[in-house]
Amino acid sequence: MKKFLFTLALLGTLYSCKTTQLQPESKQPILASLDLVNIEDDKVKVSVNPERLTGEEISFYLPKIIPGTYSNNNFGQFIEDFKALDYKGNELEFRRENENTWVIPKASELDKVTYLVNDSFDIEGEEGVFSPSGTNISEDENFVLNLHGFVGYFENLTEEPYRLEITRPETVIPGTALSLAEIKNGLETDYQTDIFLLNRYFEVIDNPIMYSLPDTTSFMVEDMEVLVNVYSPNKKYTSEDIKPNIEKMISAQKRFLGEIDNTGKYAILLYLSDTEEQDARGFGALEHHTSTVVVLPEMMQPEQLQETMTDVVSHEFFHILTPLNIHSEEIHYFDYNDPEMSQHLWMYEGVTEYFANLFQVNQGLIDNEEFYNRISEKIEVSKNYDDTVPFTKMSRNILEPEYKDSFYNVYQKGALIGLALDIRLRELSGGETGLLDLMKRLSEKYGKDQPFNDDELIEVIVDLSYPEIQEFFDKYVTGSTPIPYNEFFEKVGLEEEEFTTNSGYFLVGQTPYIDGNPDTGEIIFRENISFNSFLDELGIEGGDILKSINGQEYNIQSAYNMVMTAESWKEGEEVTFVIERDGEELNLSAKAHQPTTTSSRITEKDDDSTQVNLREAWLKG
């Protein structure tokens, strides 16, 4: 998962099994049906039929959390009009045990369950659901089917096969990496049913589908087919607009990965949100084995969109490596309602983010200076978090209130752990091998169907590399010692120096000074962060709630417009913010000027040939 902070950093209960083990009488697949034709009050009707069951009682669930999100989403909150039906169509009794669980006492009489699903995109604040993992229902035009938001599962039956039947209007076509098993035409000519066959529940939620008005293109990269599906509500962009840059990027990623990637088909589903309407607000992407769902604002300028797609989609594509092909038992046997979290976010998200930047300099998409600037920015942002908390401890407890706000740091310090480990491996091997080589060895040892023991991974890494790597992990990953970045930079002939640079009014690079409360829609200035010269002069403090600027009220929905409006302020123009601080409204004024901020940058030293050679091996492979 990659949360794109262009405007905002939008950022388990144990269910006990009954003593009776419930199983279907045959190996017929569980039938899940979605009706996209007969929309009821902007809701989709779903039925899930498990074939005949034996036993006294069974629970039906919608996921509380899904792999890759690292936050509780409670998809049961979007379910209405739940019914449990017997084989004569009569309603059976049930009780709703909590937001995501329905318990049906007479399991042996159950034929199927039916319910209505509301979508998350058009709900104020999206109820805490990150948009790329959310759902959209726009009748006859667009359906974002992250299937964990539509299709539930029965107790003890997540390993059973599923038959997915989706009845759709002919105005929309499916964008997905799945292969159609069958298409059935309806009695009328204006709808048809798409049928997909999946081996288990994980495959259901791992294969998003975007039904949309036709706008799709594809291309081949070596032996991999890449599908690009775009929904742009105001027709600002098409799939052909997106294709050239994506093709260039994925071609470079395939070269970088080499034989490590064995994906035959990959789908990119891009939903462009209309920020003028009640629409998706959490911008970024969510990875799957063979696809990624991307949500970005439609009003982005072409250059911004292309740059963002490169950064965001490249991150998701590298998840093919980890956690999709290298992952722990906690992920492989994921409990969607009472998960145990892995301690290795440094690898799943951190190394992925590191590779998403390294491959660009390695393949000549960016120069060394741009790569160093990105690393400097990550160092600066990581300083806003407690640098002494063991990364493995934070990772294992990421759902807990004490640690959940640290998740964004996995893209900062997590990536920096990857960088430091890569340099150390290059140093120990005399430049011959690095982190990518290590990941290839791990992929060969495990693969997508063989998870590792969470507590044994570091030991395995040491066995596959060098004994000295144990000390690296003891200090900087499982330990509380901050990474001495300058020591690692010295090994490859780099040094840090401070300088003053320009920033935006609300952003420095891609890092915002503001955050958003998804429940209230309020814009909040971030805490534990250094502001630019304009915000300092204005008197902004972390935690201030922004109410208006020059009389114009702003919230999450209009934040993008606020950022763009600020760029048009004239030098010397009086700008007045109304903010709320400790329950009191304050007026703060300052004259507009080019904001500046003090940052660090990384520069090259070329006076030591050993260091220069190691740097070349590190960056160019």
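The values are calculated or read from the model by the stated rules, or taken from the named source; none is laboratory data. Computed from a prediction, not measured in an experiment: that's the story for all the values here. All Cβ positions, even for glycine, are placed from backbone atoms using ideal geometry, and neighbour counts span all protein chains on display. These accessible areas exclude ligands, DNA and RNA; they are computed on the full protein's heavy atoms, side chains included. Shrake-Rupley method; radii C 1.70, N 1.55, O 1.52, S 1.80 Å.
Taking region 297-308 as the range and being in contact with a strand residue (DSSP E or B) (Cβ under 7 Å, 6 or more places away or on another chain) and either modelled with pLDDT under 90 or assigned to a helix (DSSP H, G or I) (or both) as the test, the residues that pass are 305, 308. In this structure, residue 258 does not qualify as over 21 Å from the mean Cα position of the chain (by Cα) and within 19 Å of residue 178 (Cβ to Cβ). Just one of the numbered conditions (1) closer than 26 Å to residue 405 by Cβ; (2) modelled with pLDDT of 95 or more is not true of residue 8: (2). Of all residues in region 478-488, those being open to solvent by less than 20 Å² (accessible area, probe 1.4 Å) and assigned to a helix (DSSP H, G or I) number 1. When the test is whether a residue is open to solvent by 20 Å² or more (accessible area, probe 1.4 Å), in contact with a strand residue (DSSP E or B) (Cβ under 7 Å, 6 or more places away or on another chain) and not polar (S, T, N, Q), residue 524 passes it. Being modelled with pLDDT under 95 and assigned to a helix (DSSP H, G or I) is the requirement here; does residue 599 meet it? No: the conditions fail for residue 599.
The set of residues in region 127-147 being touching a Pro at 6+ places or on another chain (Cβ under 7 Å), under 25 Å from residue 516 (Cα atoms) and open to solvent by less than 10 Å² (accessible area, probe 1.4 Å) consists of 146 alone.
Taken as a whole, region 567-584 holds no residue that is open to solvent by less than 30 Å² (accessible area, probe 1.4 Å), over 26 Å from residue 299 (Cα atoms) and not in a strand (DSSP E or B). Against the test of being within 30 Å of residue 500 (Cβ to Cβ) and aromatic (Phe, Trp, Tyr), the options 403, 348, 336, 354 yield a single qualifying residue, 354.
For region 78-96, a tally of residues being within 20 Å of residue 148 (Cβ to Cβ) and surrounded by fewer than 19 Cβ atoms within 10 Å (Cβ to Cβ) returns 4. For region 191-227, what are the residues that are of a type in the set (S, T, N, Q) and either under 30 Å from residue 155 (Cα atoms) or within 22 Å of the chain's Cα centre (by Cα) (or both)? Answer for region 191-227, where residues must be of a type in the set (S, T, N, Q) and either under 30 Å from residue 155 (Cα atoms) or within 22 Å of the chain's Cα centre (by Cα) (or both): 193, 199, 207, 212. One residue stands out in region 158-190 among those that are surrounded by 16 or more Cβ atoms within 10 Å (Cβ to Cβ) and among the hydroxyl-bearing types (Ser, Thr, Tyr): the one that is nearest to the chain's Cα centre (by Cα), namely 176.
Results for (1) under 30 Å from residue 400 (Cβ atoms); (2) surrounded by 18 or more Cβ atoms within 10 Å (Cβ to Cβ); (3) at pLDDT 95 or above, shown as yes or no for each residue.
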| residue | (1), (2), (3) |
| --- | --- |
| 31 | no, no, yes |
| 39 | no, no, yes |
| 49 | no, yes, yes |
| 59 | yes, yes, yes |
| 98 | yes, no, yes |
| 113 | no, yes, yes |
